[in-house]
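What follows draws every value from the coordinates through simple rules; no lab data is involved. Predicted model only: the values in this text are computed from it and were never measured. Cβ: placed from backbone, ideal geometry, glycine included. Neighbour counts: every protein chain shown.
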Amino acid sequence: MTEHRRWVAAGTPLPQRPPVGAAFQPRQHASAGADAVAAGTPLPQWLKSSALRPRRWVPAVLATALALTLLTACDRDTPQLGNRAEASTVPQAAAVAPPRRTFVCPMHPHIVQHGEGSCPICGMDLVEKDLDDTPEERPVVSLTPTVMQNMGVRTAPVVRDTFWKFIETQGTVVADDDRLVHVHPRTPGWIETLYVRTDGERVERKDDLADYFSPDVLWAQREYIDTLAVDELGSFGALDDRGGTDFRRRASVDMLRYFRVPNMDIMGLERSMEPRSIVPIRAPQGGVVVAHNVREGSFVTPATPLFTIVDMSEVWVMVDLYEHHLAWVEPGLAAEISTPAYPGRTWEGRVEFVYPSVHPVTRTLRARLEFPNPGEALKLNMFVEVKIYGGPQQDTLLLPRDAVIQTGERSVAVKALGDGRFQPVEVTTGMWRAGKVEILSGLDEGDEVVVSGQFLIDSESNLQASLRRLEH
């Protein structure tokens, strides 16, 4: 009775004792027991009895009932506040949503994730990257003064100045084709005597190079002698066909000249009326014999090159130029050459010819320069330093050569924006000379560009651009 009084005093309804033989209802009695426990009232004796409360599952039933009670209370309270809370909290959450943080590996920039961690390749801790918010394709890179000093960042201004167009390159001395001759026999024959036996010998015009025997030349001499004899008989009135005799005489002389029989030898035939079995081969011009291809006793034909003679008083210099020089290199430009073989000495000449095709492999353009060679100091196949002058170009935008980064597809310069901020920009270049580059577009006069440390800044900007594309 004491327990019943306590339940009544607490305002807790008394649980109904189940009828004898009725099935036990765990949910109903668990709810009653949970209300009693919440009110701090001891349980009735019949609920404590082991016959109606199994020892193993009653505590679990009580805990389940308590959880169901709490959930039911929450369901009754939230309908009035749910919509308003949802309407008010969602915009705030969207408004204060923190930006996504990006972490990269210092050693492997392609390892990117949106949370702290370690690199799966080297194990280094990932570091957070601050991405620039500018919409340009190449983001702005910000550096502190300490970092700039450690990187050795230096800048130089873009200026307008007079740009002297000239090319510095190397060339090769070759023979002037107009001063090079090949000596061939006009008829088949045999070399009887050879007067020039080695390359490099100097000869003068009309010097004897070799003697050779040719049946064709011997027959032409006899034909001429017969014509002279007939002409002599005609002078005494023995023949009436004077015109035909003159024609045969002229034809015989022309045949001998075609066979390169010297005029002095033809005049000797007229005096002696005896043919010469040996005919000399003489030098058609003075110069240096650079090639000879015969020996005494050799059988030669008109296709056999006997000697090659070069006049070295003037020479050519062959140079290879880049395609971007084609716009202003033309015949007539002044040129100058020098060689380490003669320190302090220079030769002045001109551009004689620019070849009309580009080499398919080296992508260079060949030009031919002409130079006088007094004393024949310049030798064939000698390497020389060449300068080709194209004159001044006024009001040209110039940039130090070190400031331009060539990627193969484009040219990039790093522009200094001030306050430690830098941005790579694409530029269009013109001529390159003496440490200067002509800028056609991309920069303006007075812009500051980085001339030292620009490769690291450009790499950082490319990395930020890649991370920005990953973000989107």
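Remark on Lys206: its backbone amide H falls under 5 Å from those of Ala283, Gln285, a criterion applied only to residues 5 or more positions apart or on other chains, H modelled at 1.01 Å from N. Whole-Hz Karplus values for the stretch 269-278 come out as 5, 5, 7, 8, 6, 10, x, 9, 6, 10 Hz, taken residue by residue from phi with 6.51 cos²θ - 1.76 cosθ + 1.60 and θ = phi - 60°; glycine and proline positions read x.
The loop-placed GluC sites (Glu not before Pro) in the stretch 319-413, going by DSSP, that have at most 11 neighbouring Cβ atoms within 10 Å of their Cβ come out as Glu409. Evaluating 6.51 cos²θ - 1.76 cosθ + 1.60 at θ = phi - 60° for every residue in the stretch 208-215, the Karplus couplings come out as 6, 9, 6, 10, 9, 9, 9, x Hz, glycine and proline recorded as x.
With θ taken as phi - 60° and the Karplus curve 6.51 cos²θ - 1.76 cosθ + 1.60 applied, the whole-hertz 3J(HN,Hα) list for the stretch 428-438 is 10, 9, x, 7, 10, 6, 6, x, 10, 10, 7 Hz, x standing for glycine and proline.
Once the chain from Arg154 to Met264 is taken as fully extended at 0.36 nm per residue, the excess over their C-alpha distance is 31.5 nm. Here's how it looks for Arg350: its modeled amide H is under 5 Å from those of Ala335, Glu370, which are all 5 or more places away or on a different chain. Ordering Val112, Val261, Val127, Val279 from the fewest to the most neighbouring beta carbons within 10 Å gives Val127, Val112, Val261, Val279.
Distances between placed amide hydrogens fall under 5 Å for Asn373 paired with Glu314, Val315, all partners being 5 or more residues away or on another chain.
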